[in-house]
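Data first, discussion second: the structure below is written as structure tokens.
The values are calculated or read from the model by the stated rules, or taken from the named source; none is laboratory data. No experiment lies behind these values; they were computed from the predicted model shown. We place every Cβ from the backbone using ideal geometry, glycine too, and count neighbours over all the protein chains shown. Just so you know, the surface numbers come from the protein's heavy atoms only, side chains and all, with ligands and any DNA or RNA stripped out. Shrake-Rupley method; radii C 1.70, N 1.55, O 1.52, S 1.80 Å.
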Amino acid sequence: MSKKLIIIGCGGHAKAVTDIAIKCGYDNIGYLDDASSVDNFMGFPVLGKINDASKYSSEDFVVAIGDAKIRQKLHIEFSQKGFNIVTLIHPSAVVASDVTIGDGTVVMAGAVVNPSTKIGKGCIINTCSSVDHDCVIGDFSHISVGAHIAGTVKIGNNAWIGIGATVSNNIDIVADCLIGAGAVVVKSLLESGTYIGIPAKKIKQS
Ligand SMILES: CC(C)(COP(=O)(O)OP(=O)(O)OC[C@H]1O[C@@H](n2cnc3c(N)ncnc32)[C@H](O)[C@@H]1OP(=O)(O)O)[C@@H](O)C(=O)NCCC(=O)NCCS
């Protein structure tokens, strides 16, 4: 039987999400995107604009937009309307059996999530990143490609941990933090903002 998925967004992130969806058995994919000028993407039809979503309300949905604020807005809107927002995990990701993962979160190829970790909704656990044991990752956060989060780390909502960044163990990072590419966080970050470098220091208020 055909397995149908509506993907919101037709950008680079949606490409990776499409590949995971196919590997998870979806064979009937359609896109809704307000900016797309093409009628076909990754071999599947662009069905219309985001406002057309109600036509497909009985299907599985995922918001595949990298921008966290837009992803969050649409995710909440669709959840409130009762749409079935799915979680997608690439078959090559290693996720421990007691890990909990919220709706709309996508776990990319080669990611590792270790035991007793809780990942919120609408997150991106990107390619080859790792989140070790007993972590809590807040809603709509993005653990970028190759970032590593050690054990017992708590990251608030809407955080963006940049590519190749490292967070040492037993650390709390408040909501709305952006950790720059390659940064190393060695102390808890108690104020929101942008942090870069080794050790990570704040350069900007968010
Ligand atoms: C931290 C970051 C958000 C800053 O972006 P920005 O506000 O546009 O800042 P700028 O690019 O203007 O850089 C400001 C200064 O900080 C330096 N800088 C920027 N990012 C840095 C980083 N990650 N580490 C060290 N220095 C950095 C710049 O070289 C520049 O220094 P200068 O003033 O001496 O020239 C951005 O550089 C970054 O790291 N983004 C993460 C991207 C990412 O992880 N993508 C992954 C997608 S999967």
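If r is the Cβ-Cβ distance from residue 112 to residue 34 and R0 is 30 Å, what FRET efficiency results, to the nearest 0.05?
Values: r = 35 Å, r/R0 = 1.15.
The formula returns an efficiency of 0.30 here.
In the range 1-72, carbon and sulfur make up what percent of the accessible area (probe 1.4 Å)?
Accessible surface attributable to carbon and sulfur in the range 1-72 totals 51 percent.
Close amide H partners of residue 46, meaning residues 5 or more places away or on another chain with modelled amide H under 5 Å apart, are 31, 40, 41. Amide H contacts for residue 154 (H built 1.01 Å from N in the peptide plane; partners 5 or more residues away or on another chain; cut-off under 5 Å): 136, 171, 172, 173. The aspartates and glutamates within cross-link reach of residue 154, meaning a Cα-to-Cα straight distance under 18 Å and a gap of 8 or more places when in the same chain, are 98, 132, 134, 139, 172, 176, 191. Protein heavy-atom accessible surface, 1.4 Å probe, per residue over the range 89-199: 39 Å².
With all protein chains in place and a 1.4 Å probe, the accessible surface of the range 100-206 carries 58 percent carbon and sulfur.
In order along the range 125-132, the Karplus-derived 3J(HN,Hα) couplings, from 6.51 cos²θ - 1.76 cosθ + 1.60 at θ = phi - 60°, round to 9, 7, 3, 6, 8, 9, 10, 7 Hz, and Gly and Pro are given as x.
Between amide H atoms placed 1.01 Å from N, distances below 5 Å from residue 95 occur with 113, all of them 5 or more places distant or on a separate chain.
Of 73/118; 3/81; 23/187; 69/202; 15/121, which pairs sit farther than 27 Å apart, going by alpha carbon to alpha carbon? Before the final figure, lay out the partial values.
Values: 73/118 22 Å; 3/81 21 Å; 23/187 38 Å; 69/202 21 Å; 15/121 20 Å.
Violating the 27 Å Cα-Cα cut-off are 23/187.
Rolling a 1.4 angstrom probe over the protein heavy atoms with all chains in place gives the range 4-86 an accessible area of 48 Å² per residue. Derived scalar couplings between HN and Hα for the range 182-193 equal x, 6, 10, 9, 10, 9, 4, 10, 9, 10, 5, x Hz in order, rounded to whole Hz, by the Karplus curve 6.51 cos²θ - 1.76 cosθ + 1.60 (θ = phi - 60°), x for Gly and Pro.
Axis angle, to the nearest 10 degrees, between helix 68-80 and the longest C-alpha principal axis of the chain: 50 degrees.
For the range 23-34, backbone phi angles converted through the Karplus equation (6.51, -1.76, 1.60; θ = phi - 60°) give residue-by-residue couplings of 5, 8, x, 6, 10, 10, 10, x, 10, 10, 7, 7 Hz, Gly and Pro being listed as x. Grouping the Cα pair distances of the chain into 10 Å bins from zero gives a pair-distance distribution of 10, 37, 33, 17, 4, 0 percent in increasing distance order. The mean sequence distance of close C-alpha pairs (under 8 Å, at least 6 residues apart), as a share of the length of the chain, puts its relative contact order at 11 percent. In the range 1-27, whose amide N lies under 18 Å from the spot 7 Å out along Cα-to-Cβ of residue 55? List them in ranges. Taking a point 7 Å out along Cα→Cβ of residue 55, the residues of the range 1-27 whose backbone N falls under 18 Å are 4-10.
Is the shape of the range 4-86 rounded, prolate or oblate, going by the alpha carbon gyration tensor and its root eigenvalues a ≥ b ≥ c, with a/c under 1.5 for rounded and a/b larger than b/c for prolate? Taking the square roots of the gyration eigenvalues as a ≥ b ≥ c, the range 4-86 is rounded.
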